[in-house]
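In what follows, a structure is listed as structure tokens, so that the remarks can point back to it.
The values are calculated or read from the model by the stated rules, or taken from the named source; none is laboratory data. Being a predicted model, the structure only gives us computed values, none of them experimental. Methodologically, a virtual Cβ is constructed for each residue, glycine included, from the backbone with ideal geometry; neighbour enumeration extends over all protein chains shown. Calculation scope for accessible area: heavy atoms of the full protein, side chains included, ligands and nucleic acids excluded. Shrake-Rupley method; radii C 1.70, N 1.55, O 1.52, S 1.80 Å.
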Amino acid sequence: HAVLTTFTGTCLSALPTVVTDSADNITQTEAVLHGHIADYGELPIVNRGFEWKPLFGNVYTEVSATGDSMSYTLTGLHSATSYLYRAFVMPEADSIYGEELVFTTLEEEIPPCPMPENLHVTDTTSETIAIAWTEMGDATAWQLCVNDDETNLIDLTNNAYTLTGLAPQTLYNIKVRTNCDGVYSE
């Protein structure tokens, strides 16, 4: 007997290929994601971009991009945090993803606490010394130390002070340091 078999099927179209490239321009709060379309395949691409999330997050955020070489600047990130991202293209149906990559934002830099300058005497009497100094940043608090006695630091909220009750004809060593929210200058 001869058997006649008929076959009806659908040919699969070649799918596009997308590559996730390394992120760059990474700061404490920003990063630029990169990716590119390596092969367009046979299906039209209706959307492209990136998906990203904190490394241990559950939900991706999708952002769109344009062109064969895609890039997108993420802003509002948290410092010293790792993020997972991947490039994607979307033909008419499901999304196609590139490799997942990780980047880590930089640690927040604590600005140095600038040392006050121009410490000088503004007035003296036999029992008082008035001093002042120039603030080199935007601090609003200082500590004063007399004769290296660090057990009796004087906390101040302006950049002038008058020492009272001093002994006449006595040498005093006076130091001032800036208090930047608990971080002290030299």
Exactly one of (1) touching a residue at least 24 places away in the same chain (Cβ under 8 Å); (2) surrounded by fewer than 17 Cβ atoms within 10 Å (Cβ to Cβ) is unmet by residue 64. Its number?
-> (1)
Within region 139-158, is there a residue that is out of contact with any strand residue (DSSP E or B) (no Cβ under 6 Å at 6 or more places or on another chain), open to solvent by 80 Å² or more (accessible area, probe 1.4 Å), at pLDDT below 85 and among the acidic types (Asp, Glu)?
-> yes
Report, by residue number, each residue of region 111-149 that is among the hydroxyl-bearing types (Ser, Thr, Tyr) and either touching a Lys or Arg at 6+ places or on another chain (Cβ under 7 Å) or outside any loop (DSSP other than H, G, I, E, B) (or both).
-> 122, 124, 134
Could you please let me know if residue 161 is open to solvent by less than 90 Å² (accessible area, probe 1.4 Å) and either touching a residue at least 40 places away in the same chain (Cβ under 8 Å) or assigned to a loop (DSSP other than H, G, I, E, B) (or both)?
-> no
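Being assigned to a strand (DSSP E or B) and under 30 Å from residue 45 (Cα atoms) is the filter here, so list the residues in region 96-110 that pass it.
Filtering region 96-110 for residues assigned to a strand (DSSP E or B) gives 96-97, 101-104.
Those that are assigned to a strand (DSSP E or B) and under 30 Å from residue 45 (Cα atoms): 96, 97, 101, 102, 103.
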Does residue 112 satisfy the condition of being touching a residue at least 60 places away in the same chain (Cβ under 8 Å), more than 30 Å from residue 50 (Cα to Cα) and buried (at least 16 other Cβ atoms within 10 Å of the Cβ)?
-> no
